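Here is the structure we will look at, set down as structure tokens.
All of the numbers you see were taken from the coordinates with simple rules; none came from a lab. Just so we're clear, the structure is a prediction, and the values are computed from it rather than from any experiment. So basically every Cβ, Gly included, is an ideal-geometry build from the backbone, and we count neighbours across all protein chains shown.
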Amino acid sequence: MNASQPTLKPMVSPAEWTARVDLAAAYRLTALFGWDDLVFTHISARVPGPEHHFLINPYGMMFDEITASSLVKVDLHGNKVVDSPYDINPAGFTIHSAVHAAREDALCVMHTHSVNGVAVSAQDKGLLPISQQSLGVLAALGYHDYEGIALNEDEKPRLVADLGANTYLMLRNHGLLTVGKSAADAFVAMYFFEAACMIQVRAQSGGGVLRQIPQPILAGIKKQIAEVTRGMSPGALVWPGLLRRLDRANPGYAE
């Protein structure tokens, strides 16, 4: 598949172009951090405006190849609303469309099959409060039982109910999902989700008894996070630096 194509920048609104650039950056950062699963997971973003249109990855393109112009624009049913030479993965958009339809604040939905995330999703007790990284996740985490590859429309209401108003959803035996008001917020949320899972897997491999953080500390973590980030979302705080890192490692996403 040829990852290069003429830029769409003159053909879309400035707001849509910004969303495209940020989403393409999120895809390439996902590859840079090693969370991609070849072409089999997704990050979707709502296109600014009154229409319920969304951007998602072209099926078959590696995450480190994705550009702002190659992203496919679809409606809530996964139908292309702008001509594109690329298809999309129908299983992927089943999950994403369910969340976008139910959560107006979920402007970006990110789903991964990372090794650490899947490992913890296969554990009966899920994510444990054993690290500072886990606390922010646990304060806004839901769980959804595995029902097979996400092709069944009937699964959508159950998935939405399990996510609720949370930022994080552990898809049991499957992987991780985060939502955010921007690609930056969804990506940084996934960073902490993945880090918490990685720490848990490594801690368990040591074979000792795990020391869990007491519930009163977990109860106060949201207030502490807001103080540490000066009231900014973690995504807004970290995103400019992440883009600088991506520009050094894999530029070209904003094409």
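Based on C-alpha coordinates, I'd like the Rg and Dmax of the stretch 104-173, in Å.
12.5, 37
For the stretch 28-174, what D do you get in µm² per second when you plug the Kirkwood radius from alpha-carbon pairs into Stokes-Einstein at 4 °C and 1.567 mPa s?
Details: Rh = 16.1 Å.
Rounded, D is 81 µm²/s.
Any chance you could list P(r) for the stretch 113-255, counting all Cα-Cα pairs in 10 angstrom bins from zero, rounded to whole %?
11, 36, 34, 18, 1
In nm, to one decimal, how far is the modelled label at ALA249 from the one at TYR146, with both set 7 Å along Cα→Cβ?
Going by the 7 Å Cα→Cβ label model, 2.8 nm.
Only bridges with both residues in the chain count here: give the DSSP antiparallel percent, nearest 5.
Restricted to the chain, the bridges split so that about 85 percent are antiparallel.
Work out which helices of the chain, taken as complete DSSP H runs, extend at least 15 Å along their axis over the Cα atoms and score a mean Kyte-Doolittle of 0.5 or more, then list them.
Working: long enough: 14-32 (27 Å, 0.27); 90-102 (18 Å, 0.68); 183-205 (33 Å, 0.85); 234-249 (22 Å, 0.07).
Sorted by number, the helices that extend far enough and score high enough are 90-102, 183-205.
With percent of Cα pairs over 33 Å apart in mind, check (1) 17; (2) 26; (3) 23 and report the label derived from this structure.
Step by step, percent of Cα pairs over 33 Å apart for this structure corresponds to label (1).
Roughly what % antiparallel, to the nearest 5, for the DSSP beta bridges in the stretch 138-220? Working shown, then result.
Values: 4 of 8 bridges.
Antiparallel: roughly 50 percent of the beta bridges in the stretch 138-220.
Per the helix-only calculation at 222 nm, which mean residue ellipticity applies to the chain, given -39500 (n - 2.57) for every DSSP H run of n ≥ 4 and division by its residues, nearest 500 deg cm²/dmol?
Theoretical 222 nm ellipticity from helices: -13000 deg cm²/dmol.
Suppose the Debye formula is applied to equal point scatterers at every Cα of the stretch 1-70; what is log10 I(q)/I(0) at q = 0.24, 0.27 Å⁻¹?
-1.09, -1.27
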